[in-house]
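First comes the structure, then the notes that go with it.
None of the figures in this text is laboratory data; all of them are computed from the coordinates on show. No experiment lies behind these values; they were computed from the predicted model shown. Every residue, glycine as well, gets a Cβ built from its backbone with ideal geometry; the counts of neighbours run over all protein chains shown.
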Amino acid sequence: MAEMFIPEKIRKRGSLRYFKTPSGSHVIVLPTCTVPLEHLVRENWYGGENVGNFRQVKKITHVQNGALLKDSKGNPTELYVKSPEREFNIDSGSIHGIWRDILDVENFKSHVSLKGETRVEKQAVWEARILLGLAQNGINAEEPQAIVIYPGGNREVITKGKEGIAFAFPEQIKRLIRVARSKGFTPDDLHSGNVISDEDDNHSIIDVNRWTWPPFTNEYKKRLITAVGEEIKRQKREK
């Protein structure tokens, strides 16, 4: 997990911690984690609401005994458990950035599924990595709590919810994009639905799964595109 600390100054955020759950999952606890470790274990969650659009995102508000999930200070909070984007379909409009680039080039108009592909699962690592980088650069965003690696190899990133509503004006979005770019990020897919605004009009970015951070994400992006291209070619051979 060395890529979690690229560039090296991110180490100033603190150390990583690790533990293994009873079901065999590996949990990488991030330095920004502010919830008890037991809240990072799937078996301890009660219910959950699916809130994702083009990937699986589950909102967790309660623990197994039905009590509210709370942070380390005892304040009720929400956790968002986010899977990588594994299902792609141009016709549904779910392809953006690097995905649309390669699928358009291939003139491929069908469904692409990449479940269990390590190069795709690395999205969870880099989503957390970029969120840590935003925090390091003073940009408000959701707080990553942990990365979970399940026995089959699938990964998820767990983030802490932000108070407010998903809304921002176009000029506010443009400002956030300018700030992110000035710090070296490529904020693909940054729009009002991916920004939380609180009652004091403070804005926090809540979804960076499609972002990149050159040059640190260059190799990851290359491998991701290769994985999509290989699946396209495989499907074409089978037709």
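Structure notes:
- Its Cα centre serving as origin, segment 109-227 has a Cβ charge dipole (Lys and Arg +1, Asp and Glu -1) of approximately 780 debye.
- In this rough spin-label picture, where each label sits 7 Å from Cα along the Cβ direction, the R178-H26 distance is 4.3 nm.
- Full extension of the chain segment joining Y46 with Q64 gains 6.0 nm, where the gain is 0.36 nm per residue of separation less the Cα-Cα distance.
- In this structure, the pairs whose alpha-carbon distance is over 24 Å, taken from K59/K174; K20/K122; K20/K70; K58/K174, are K59/K174; K58/K174.
- Global geometry of segment 119-239, whether rounded, prolate or oblate, following the gyration tensor of its Cα atoms and the 1.5 cut on a/c: prolate
- Segment 177-239: C-alpha gyration tensor shape, a/c 1.5 cut-off, then a/b vs b/c: oblate
- Label point at E199 placed 7 Å out along Cα→Cβ; residues across segment 144-181 whose backbone nitrogen lies under 13 Å: 163-165
- Within segment 176-196, backbone nitrogen closer than 16 Å to the virtual label 7 Å beyond the Cα of Q136 toward Cβ: 180-186
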